[in-house]
Amino acid sequence: MKKSWYIWPSVFALALAIGIFIGGKLHFNDTPEKLFTTNSKKDKLNRLIDYIDYEYVDDINTDSIVDVTVNNILEKLDPHSVYIPKEEMQSVAENMKGDFVGIGVNFYMYRDTITVIRTVENGPSFDKGILPGDRIMMADQDTLYGQGLPSEQVVSKLKGFKGTKVNLQVYRKSEDKFFTVTIKRDRIPLKSVDAFYMLTQNMGYIRINRFAETTYREFRDAIRELKQQGAQKLVLDLRDNPGGYFDIAKQLADEFLPEDKLILFTKNKKGQVDSTYATERGSFEDKPVYVLINERSASASEIIAGALQDNDIGTIVGRRSFGKGLVQREMELGDGSAVRLTVSRYYTPTGRSIQRDYQNGKRDYYHDFSRRYNSGELVSVDSIKVADSLKFKTPKGKVVYGGGGIIPDVFVPIGTNQEEAIEALEGRGFFSRFIFEHLEEDRNRYSNFTQDEFYNGFSVDDILFERFIDYVLSLKIKLDFYAYEDIIKLYLKANLAEQLYTPNLRAKIKGQADPMLKEVLQADQPLLRQAGPDDGI
């Protein structure tokens, strides 16, 4: 790979200095003591940091210089080797750990006040009777309302150590009353399994948004419940899933693969190969499985899709995945910060590397979506460029390709510009925010619906549809709303379902108009020969 090494001399020196420091922390053959005492060049560069700290004419924050320099070093390596500053470590750790300590509410800052969207089921606030629409005015003696109050400050007052108590003053608009409640903080799950439900009488559906520490356990709980409801087939939705923990992906792939089937193998800079095989513990072996992927499915998502595809198990549905075939290890740097450094490449069972090219730098690498869109590959599978030199065959003779993502077995094109714009509104929370404000006007109007009645009998009327149009137009967003009235009304209903009931009901409603799910259901139907006049009975 061609590399550019042109940087300013002072930054170059600092980069080398910090690079040497990092090297001492990464458990290579030389100990930090040896690195800093026996090599005069390395010792000289490390002293430079001390000289700037103690002798330079102006006060310089060498911590910030170090941070910038570490980032510059890592950017020269690959797009997935990254630096995590110490101030970001807690949120990163919480996201990947799968929980945090708090009171268990989702909320919006609505008219300068914390307003509960919903409580976490069986969480501290749920158990104390906090309801959607409740305003949290104070936490202990701290005021939580007011113009310009930073959300980080609000969250910090509600989070804390497990078992500690916080006294909340709450206003309930529906009853026009204030009350106080004492809540004991507890661990609150950050779900990586967004939703699961029965798609048909014998087909379950599970959507996973990332691979965190808790993902495998969440998946096992979901698949157990779906099997109890009669699931003999499964749709595993990994769309927009950027990945996460490497080992969790291997555990999940093992659920579908027979014992001793190769899941993947890795290779490091020394050529050392480490292979991972399926065990006997799979809970969904020998059953049809459909894996949904798109251009934002990456890393751990691609491990699962590649393992199943290369073992001729299941059907991959969607569009070509992102193309990340590098493995990172997180390493502490001693001051609360850390680096995730690429330590090996992984290969699918047939020997494919699905890592995309990154020779043109990180900016080009992460803007590949535009190139794919302009080339037509998001609309037509025939537009996907493949190289014969990267052709592989599965045990049953199916041709698969390396060199940049997993190409699905069943291709589903991206929607029109208007459809993608509506999906973007959904993804960025416009529907959710509008529905929240709608419910704030009068939540009691939906109180007589059970979940089943809402799912089967409720329809969004024209009044709510027109109000949504006005809401979006007020934000200077223009769309051909009336051409997509049905899908907009469906998304409005889905967001009502989430805020009134559960994320599962939201996913089930949205799934009614999902092109990939429609493709799965069509592919799953057995071919039926129509009876003709010569057919006997």
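DSSP assigns beta bridges within the chain; of those with both partners inside it, close to 75 percent run antiparallel.
Summary: within the chain, the longest segment free of GluC sites (Glu not before Pro) located in DSSP loops with at most 10 other C-beta atoms within 10 Å is 281-537.
Non-local lysine pairs in region 99-189, meaning eight or more places apart or on different chains, with alpha-carbon distances under 22 Å, amount to 12.
At 222 nm, what value in deg cm²/dmol follows for the chain if DSSP H runs of at least 4 each add -39500 (n - 2.57) and the sum is divided by all its residues, to the nearest 500?
On the way: 19 runs with 201 residues, N = 537.
Theoretical 222 nm ellipticity from helices: -11000 deg cm²/dmol.
A cut-off of 5 Å between modelled amide H atoms, ignoring neighbours fewer than 5 places along the same chain, links VAL105 with VAL120. Listed by chain and number, the lysines whose alpha-carbon sits under 18 Å from that of LYS478, ignoring those within fewer than 8 places in the same chain, are LYS489. In sequence order, region 379-388 has phi-based couplings of 10, 9, 5, 5, 8, 6, 7, 10, 10, 4 Hz under the Karplus curve 6.51 cos²θ - 1.76 cosθ + 1.60, θ = phi - 60°, and Gly or Pro positions carry x. The separation of region 362-377 from region 250-272, counted between C-alpha centres, amounts to 29 Å. Once the chain from ARG363 to GLN201 is taken as fully extended at 0.36 nm per residue, the excess over their C-alpha distance is 53.7 nm. Excluding same-chain neighbours fewer than eight residues apart, the lysines reachable from LYS267 by a Cα-Cα span under 17 Å are LYS250, LYS324. Looking at region 232-325, the trypsin sites (Lys or Arg not before Pro) that sit in a DSSP loop and have at most 12 other Cβ atoms within 10 Å of their own Cβ are LYS269, LYS270, ARG281. For region 99-189, a simple Cβ point-charge model (Lys and Arg +1, Asp and Glu -1, everything else neutral) yields a dipole of about 120 debye relative to the Cα centre. Taken over the Cα atoms of the chain, the convex hull encloses 231 Å³ per residue. Please compute the contact order of region 193-411 in relative form: average sequence separation of alpha-carbon pairs under 8 Å and at least six residues apart, divided by the residue count, as a percent. Averaging sequence separation for qualifying contacts and normalising by length gives 17 percent for region 193-411. Measuring r between the beta carbons of GLU420 and THR182 and using R0 = 51 Å, the FRET efficiency lands at 0.60.
Below 8 Å between Cα atoms, with a sequence gap of 6+, how large is the relative contact order for the chain in percent? Before the final figure, lay out each step's value.
On the way: 903 pairs, mean separation 56.6, N = 537.
Computed over the chain, the figure is 11 percent.
Consider all pairwise Cα distances in region 193-411 and report the whole-number % of them above 24 Å.
Details: 9993 of 23871 pairs.
That tail contains 42 percent of the Cα-Cα pairs.
Each value in this text was obtained by applying a stated rule to the coordinates, not by laboratory testing. Just so it is clear, the model here is predicted, and its values are computed rather than measured. Please note: Cβ atoms are built from the backbone with ideal geometry, for glycine as well, and neighbour counts cover all protein chains shown.
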